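One structure below.
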Amino acid sequence: VVSLFSTIFIEVVRGVPLVGILFMSSIILPLFLPPEIRIDRLLRALIGMTLFSAAYMAENVRGGLAAVSGGQEEAAKALGLNNFQTTTLIVLPQALRAVIPPIVGQFISLFKDTTLASAVAVLELLSVGRSILQANPEYISLQAEVYVFIAAVFWIFSYLMSYASQRLEAALGVGER
C-alpha cells in the first residue's frame, strides 16, 4: 500500500510543472480547508515546493538504490545483518554516495526555481529587485545593474553548491573503484 501510494505521488507530482503546483497550493488548497483555517501564502508556496522537491528527491534516491548491486545485500546477509542493518549500513550509504551529483543538481535547480514563487505573490529575490525598481522612478536607469546583481547572487550560490558537491565527491571517491 505504501509503495503504491508513493509511486502514484511521485509520478503525479513529477508530471506537473512546479508553477502548476504553486498555483494549486496557492489557489486550490484554501478551497479544501475549513473557513476558520487560513494558511499564509508563503507557507502554501513552501508546501508546494517541498512536495515537488520530495518527489524528485525520492526518484533520485530510488535510482541510487537501483544502482547498488544485489551482491551487496547477499554479502550483508552472509555476515548476519538483518534487513534494517543491511539497508542503513550497507545499501543506503552506497546509494546516496552514487546520487550526490543529481541531488546537488536538484538543489541548484530548486534554488533557481524559487523565482517561480513570485507567480503566487510571494516575495523572493527577483520580485524584491522588481519592487525596488518600481518604487522609485529614478532607479529605472539602473535596471540592468539590479538584474546583473541578482544574476550574480544566483550564480555565486549555484557555483558554491556545485563546488561543495565536487569536493564531497572527491572526498568520498565517487567515480573511483
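The values are calculated or read from the model by the stated rules, or taken from the named source; none is laboratory data. Note that the coordinates shown come from a computational prediction; the quantities given were computed from them, not determined experimentally. All Cβ positions, even for glycine, are placed from backbone atoms using ideal geometry, and neighbour counts span all protein chains on display. Accessible surface is based on the protein model in full, side chains and every heavy atom, while ligands, DNA and RNA are left aside. Shrake-Rupley method; radii C 1.70, N 1.55, O 1.52, S 1.80 Å.
Some notes on this structure:
- Looking only at residues of the stretch 84-121 that are in contact with a helix residue (DSSP H, G or I) (Cβ under 7 Å, 6 or more places away or on another chain) and small (Gly, Ala, Ser), we find that the one that is nearest to Leu65 (Cα to Cα) is Ala95.
- Count of the stretch 62-76 residues, restricted to those that are over 20 Å from Gly173 (Cα atoms) and surrounded by 13 or more Cβ atoms within 10 Å (Cβ to Cβ), is 4.
- Gln72 vs. criteria over 16 Å from the mean Cα position of the chain (by Cα), over 30 Å from Tyr159 (Cα atoms) and without any contact (Cβ under 8 Å) to a residue 12 or more places away in the chain: no
- Members of the stretch 106-121 that are without any contact (Cβ under 8 Å) to a residue 40 or more places away in the chain and more than 9 Å from the chain's Cα centre (by Cα): Thr115, Ser118
- Across the stretch 128-177, the qualifying residues are those that are acidic (Asp, Glu) and part of a helix (DSSP H, G or I), and the one among them that is least open to solvent (accessible area, probe 1.4 Å) is Glu169.
- Single condition Ala95 does not satisfy, out of (1) of a type in the set (Gly, Ala, Ser); (2) within 20 Å of Leu172 (Cα to Cα); (3) more than 22 Å from the chain's Cα centre (by Cα): (3)
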